[in-house]
Amino acid sequence: MADIEFGDDVEIADAEISDRDCTAASLVRADLARCRFTGVRFAGATFEHARLVDVEFVRCDLAGADFSEASGVRVRATDCRFAGAELPQVRLRQCEFVDARFDDANFRMARLEDVRFDACSLVTTDLTAAQLTRVVFSGSNCAATDFTNVRCEDVDLRGARLEGIRGVGSLRGATIGRDHLVPLALDLAIASGLLVRDEEPTEREQ
């Protein structure tokens, strides 16, 4: 099915596509079902308002792709690049990402339910105001990720790298490992309203 043409409003089902260059392709409002993409280059492609059901990406380049307000159910991506991807207000359910790179990606106001990030890189990813329900970040690098104003329900951050994350105070409802307590201690104290000072109290403060 290598002759499939991509375009806005396209409907593609039961397709296996390999080693194609679809850089900057436009798939606005596309409907993809039961598709497998292997080694396909979707860098800079537009998937705005697209619907993906039972779709698998393997070794694909989706860097800078735009998934604004797209929805995905049972999407799996393995060894793929999503660096700099735009995913604001995306809705993902029962999805799995393995060894994928989301550095600098934008998940603002996204809704993720039953989603796993296994051994992924989410360095400086923006999750501001996202709603996370049963999301796991197993073995993932979340350094400098922005969790400001996220809503968490049964979120598991054990085994993830959390150095320099923002919005620690919004992680109520998330589970972290004991090894995270010391690195996050200062941020947790500040988030709880504690004042942290190194110097001894002055006479005026006593």
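Values in this text are rule-based calculations from the coordinates and carry no lab data. All values reported here derive from a predicted model rather than from experimental measurement. Cβ: placed from backbone, ideal geometry, glycine included. Neighbour counts: every protein chain shown.
At a 10 Å Cβ-Cβ cut-off, how would you order Ser26, Ser170, fewest neighbours first?
Numbers: Ser26 17, Ser170 20.
In order of increasing Cβ crowding within 10 Å: Ser26, Ser170.
Shape of segment 25-69 from its Cα gyration tensor (a ≥ b ≥ c, root eigenvalues): rounded if a/c is under 1.5, otherwise prolate when a/b > b/c, or oblate? Judged from the Cα gyration tensor, segment 25-69 comes out oblate (a/c at least 1.5, b/c at or above a/b). Annotation for Glu16 and Ser138: the two label points, set 7 Å from Cα along the Cα-Cβ direction, are 2.7 nm apart. Each other residue within a Cβ distance under 15 Å of Arg93 adds +1 if Lys or Arg and -1 if Asp or Glu, for a net charge of 0.
Set the Förster radius R0 to 30 Å, insert the Cβ-Cβ distance between Arg158 and Arg34 as r into 1/(1 + (r/R0)^6), and round the FRET efficiency to 0.05.
0.35
Dividing the mean sequence gap of close Cα pairs (under 8 Å, 6+ apart) by how many residues segment 1-83 holds gives a relative contact order of 24 percent. Only Cα sites of segment 11-191 enter the Debye sum here, all with the same form factor; the resulting log10 I(q)/I(0) across q = 0.09, 0.11 1/Å is -0.29, -0.44, listed in q order.
Each part gets one Cα centre, and for segment 76-129 versus segment 47-63 those centres are 12 Å apart. Each label was represented as a point 7 Å from its Cα along the Cα-to-Cβ direction; for Asp8 and Asp79 these points are 3.6 nm apart.
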